[in-house]
1. Listed residues A:34, A:59; which is within 16 Å of DNA strand C (Cβ to nearest atom), farther than 23 Å from residue A:180 by Cα, out of contact with any helix residue (DSSP H, G or I) (no Cβ under 7 Å at 6 or more places or on another chain) and at pLDDT 95 or above?
2. Mind counting the residues in segment B:16-31 that are farther than 14 Å from residue B:101 by Cβ and more than 11 Å from DNA strand D (Cβ to nearest atom)?
3. For residue A:59, state whether it is away from chain B (no Cβ under 14 Å), more than 11 Å from DNA strand D (Cβ to nearest atom) and touching a residue at least 24 places away in the same chain (Cβ under 8 Å).
4. Among the residues of segment B:185-207, what is the count of those that are free of Cβ contacts under 8 Å to residues at least 60 places away in the same chain and under 16 Å from the mean Cα position of the chain (by Cα)?
5. Before we move on, is residue B:67 loosely packed, with under 14 Cβ neighbours inside 10 Å, away from DNA strand D (no atom under 16 Å from the Cβ) and either within 18 Å of residue B:17 (Cα to Cα) or modelled with pLDDT of 75 or more (or both)?
6. Quick one: what pairs do we get from segment A:34-50, first residue surrounded by fewer than 16 Cβ atoms within 10 Å (Cβ to Cβ), second outside any helix (DSSP H, G or I) and modelled with pLDDT under 95, C-beta under 6 Å, 6+ apart or different chains?
7. Among what's in segment B:1-28 and is closer than 21 Å to residue A:115 by Cβ and more than 14 Å from every other protein chain (Cβ to nearest Cβ), pick the residue that is surrounded by the most Cβ atoms within 10 Å (Cβ to Cβ).
8. State all residues of segment A:88-112 that are under 30 Å from residue B:25 (Cβ atoms) and outside any helix (DSSP H, G or I); if no residue qualifies, say none.
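The values are calculated or read from the model by the stated rules, or taken from the named source; none is laboratory data. These numbers were taken from a predicted model, which means no experiment stands behind them. Here the Cβ positions follow ideal geometry from the backbone for every residue, glycine too, while neighbour counts run over all protein chains shown.
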DNA sequence: GTCTATACTTGGATAGAC
DNA sequence: GTCTATCCAAGTATAGAC
């Protein structure tokens with residue numbers, strides 16, 4: 001199947017590719033135009049400025065990422081049946097969102113640009129750190145209520161111990177090892193996260 | 001005590017300050033000159049190019065950070081006397097290196113610039129990730145040999161579980177919460193790391 | 001919608017007077 | 001060692017012909 005992309009879509013995709021490689025400031029309108037195969041002035045027929053391209057990219061990413069969260073009610077039903085169920089479902093959902101090439105590239109772009117783009121920084125802080133940590137925190141609370149883990153342990157600390165480790169793996173892949181194979185990374189992320197959750201669980205499980 | 005800084009030192013310090021705030025590309029020679037209180041052409045009497053300023057900053061940081069590593073022999077002596085001893089000594093040393101304002105600022109600069117500066121990326125990968133992880137790995141091996149932790153646990157995994165968590169806290173401080181109070185951060189880093197090491201130890205301690 | 005041509009700005013760097 | 005003056009390159013963006 002051959003998909004014809006509109007010029008606007010080509011600009012969008014090429015910008016994602018270049019921004020994620022060289023950063024926003026590291027890419028010129030001229031470069032994007034060249035990549036697309038048009039002159040730079042033609043870009044302005046589709047986007048009103050360089051910044052508006054970035055905005056469109058971010059909007060796309062945010063929309064993709066903030067859909068269909070996992071309802072906690074579902075966890076409650078399944079937790080005592082099988083802890084792995086909930087854990088795997090969450091990981092799968094997250095990874096399914098991430099695994100398209102564009103989403104992977106934008107993830108790197110977000111990590112690169114967060115230091116001087118307030119909007120990106122806020123998204124990173126809220127949606128990629130605080131919200132997931134709170135989700136894990138609630139899950140540990142639930143486990144506590146179900147007497148799966150000790151009563152006196154700190155859910156917030158457990159959530160951070162788990163999630164920060166995973167976040168580091170993402171950081172490492174996109175900022176240190178980039179551009180290593182994405183597929184292999186996602187596989188490793190799954191395995192390593194599983195080990196980490198086991199380590200933590202082993203430390204606090206009810207006897 | 002009043003310390004008179006040479007123009008070269010002023011350029012050095014102002015560059016660290018500006019680069020760490022806005023990134024290398026985000027700062028112009030003109031800005032640095034203005035901050036110092038001279039004209040931009042005068043900069044070139046002290047540094048041959050903008051890039052050579054960055055190089056000087058990195059060299060300074062790398063020299064400060066790669067001195068006096070903790071010898072493992074010292075750990076071996078003290079480990080069964082008091083595990084906390086070794087842990088605290090390591091953390092103290094690390095934090096004492098980091099706590100000058102310039103060192104803190106350069107840390108942020110390194111995190112910001114790693115994605116498109118190969119030299120910085122290599123330093124980050126080797127000296128700020130691999131070397132410390134290997135150090136912790138050896139420590140866990142030692143603990144295993146001393147039967148403090150279970151024989152069948154994976155030292156590398158434990159080292160990563162511990163260190164990646166700490167690295168995230170650093171990343172968070174410098175890239176998300178910046179510029180929050182550095183002193184308070186270092187205190188929090190110490191406490192949280194201690195909790196993390198306890199959590200891990202609790203999971204694998206010999207019975 | 002794309003092109004050519006061009007305006008305008010900013011940034012790195014150098015020459016030469018003092 | 002600092003200044004003024006200037007050069008050159010590169011970047012964003014616009015006007016107007018086709």
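1. On inspection, the qualifying residue turns out to be A:34.
2. Keep residues of segment B:16-31 that are farther than 14 Å from residue B:101 by Cβ, which gives B:22-31.
Then keep just the ones that are more than 11 Å from DNA strand D (Cβ to nearest atom); that gives B:22-24, B:26-28, B:31.
Of the residues in segment B:16-31, 7 are farther than 14 Å from residue B:101 by Cβ and more than 11 Å from DNA strand D (Cβ to nearest atom).
3. On the way: away from chain B (no Cβ under 14 Å): yes; more than 11 Å from DNA strand D (Cβ to nearest atom): yes; touching a residue at least 24 places away in the same chain (Cβ under 8 Å): no.
Criteria not met by residue A:59.
4. Residues flagged as free of Cβ contacts under 8 Å to residues at least 60 places away in the same chain and under 16 Å from the mean Cα position of the chain (by Cα) within segment B:185-207 amount to 3.
5. Values: loosely packed, with under 14 Cβ neighbours inside 10 Å: yes; away from DNA strand D (no atom under 16 Å from the Cβ): yes; either within 18 Å of residue B:17 (Cα to Cα) or modelled with pLDDT of 75 or more (or both): yes.
Answer is yes for this residue.
6. none
7. Applying the first criterion (closer than 21 Å to residue A:115 by Cβ) to segment B:1-28 yields B:13-28.
Next, only the ones that are more than 14 Å from every other protein chain (Cβ to nearest Cβ) stay: B:13-17.
Numbers: B:13: 17, B:14: 19, B:15: 26, B:16: 24, B:17: 17.
Ranking the qualifying residues of segment B:1-28, first place goes to B:15.
8. To start, the set of residues in segment A:88-112 that are under 30 Å from residue B:25 (Cβ atoms) comprises A:98, A:100-112.
Scanning segment A:88-112 gives a single hit, A:100.
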